[in-house]
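Visitor: Let me give you the structure first, and then I'll get to my questions.
The values are calculated or read from the model by the stated rules, or taken from the named source; none is laboratory data. None of these values were measured; they are calculated from a predicted model. Heads up, the Cβs are rebuilt from the backbone with ideal geometry, glycines too, and the neighbour counts pull from every protein chain shown. Note: accessible area is taken over every heavy atom of the protein model, side chains too, but ligands, DNA and RNA are not part of it. Shrake-Rupley method; radii C 1.70, N 1.55, O 1.52, S 1.80 Å.
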Amino acid sequence: MSHKHEQLLRSIFADPPSNNIHWREVESLLLHVGGEIENLSGARLRVKIKHVETILHRPHHSNTLDRQGIKHLREFLAHAGVTVSSLEKE
């Protein structure tokens, strides 16, 4: 995993979560870890990683995720096995 993606993953799992997580970087990370992204209606996306699936929402009025979006993304990544501790095993 690239240093940029590793730092982003650490930011997503940081407590408290960062307020500066850009959506385009999240999409890049999801694709990098093998995610499949399907556009749905509006700002909704179906994302699937390792047989774990969720619906994510692109931010509407800014390019950064809000706290609720980060929390949802964090839970999805954890269920899919993409965590900071999984990086340390590599």
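Visitor: Output the residues belonging to segment 56-90 that are open to solvent by less than 100 Å² (accessible area, probe 1.4 Å) and either farther than 17 Å from Glu25 by Cα or among the charged types (D, E, K, R) (or both).
Guide: Restricting attention to segment 56-90, the residues satisfying the condition of being open to solvent by less than 100 Å² (accessible area, probe 1.4 Å) are 56, 58-59, 62, 64-66, 69-70, 72-78, 80-87.
Within segment 56-90, Arg58, Asp66, Arg74, Glu75, Ala78, Ala80, Gly81, Ser85, Ser86, Leu87 qualify.
Visitor: If you don't mind, there's one more thing I want to ask. Within the set of pairs 6 or more residues apart or between chains, which connect a residue that is on the phi < 0 side of the Ramachandran plot and open to solvent by 60 Å² or more (accessible area, probe 1.4 Å) inside segment 1-29 to a residue that is in a helix (DSSP H, G or I) and modelled with pLDDT under 95 with Cβ atoms less than 6 Å apart?
Guide: Arg10/Val84
Visitor: Same structure, new question: Evaluate the following for Ala43: is it open to solvent by less than 70 Å² (accessible area, probe 1.4 Å) and touching a strand residue (DSSP E or B) at 6+ places or on another chain (Cβ under 8 Å)?
Guide: yes
Visitor: Can you give me the number of residues within segment 62-90 that are modelled with pLDDT of 90 or more and over 22 Å from Asn20 (Cα atoms)?
Guide: Of the residues in that region, 3 qualify.
Visitor: If you don't mind, there's one more thing I want to ask. What is the residue count in segment 30-44 for residues that are in contact (Cβ under 8 Å) with a residue 12 or more places away in the chain and within 22 Å of Leu9 (Cβ to Cβ)?
Guide: Residues in segment 30-44 being in contact (Cβ under 8 Å) with a residue 12 or more places away in the chain and within 22 Å of Leu9 (Cβ to Cβ): 6 in total.
Visitor: Identify, please: which residue in segment 59-79 is outside any helix (DSSP H, G or I) and more than 11 Å from the chain's Cα centre (by Cα) and is, among those, nearest to Gln7 (Cα to Cα)?
Guide: Start the filter on segment 59-79 by keeping residues that are outside any helix (DSSP H, G or I), which leaves 59-66.
Next cut, more than 11 Å from the chain's Cα centre (by Cα) only: 59-64, 66.
Values: Pro59: 21, His60: 24, His61: 25, Ser62: 21, Asn63: 18, Thr64: 16, Asp66: 18 Å.
Filtering first and then ranking leaves Thr64.
Visitor: Would you check which residues across segment 1-49 are farther than 14 Å from Asp66 by Cα and in a strand (DSSP E or B) and list them?
Guide: Of everything in segment 1-49, those that are farther than 14 Å from Asp66 by Cα and in a strand (DSSP E or B) turn out to be Glu36, Ile37, Glu38, Asn39, Arg44, Leu45, Arg46, Val47, Lys48, Ile49.
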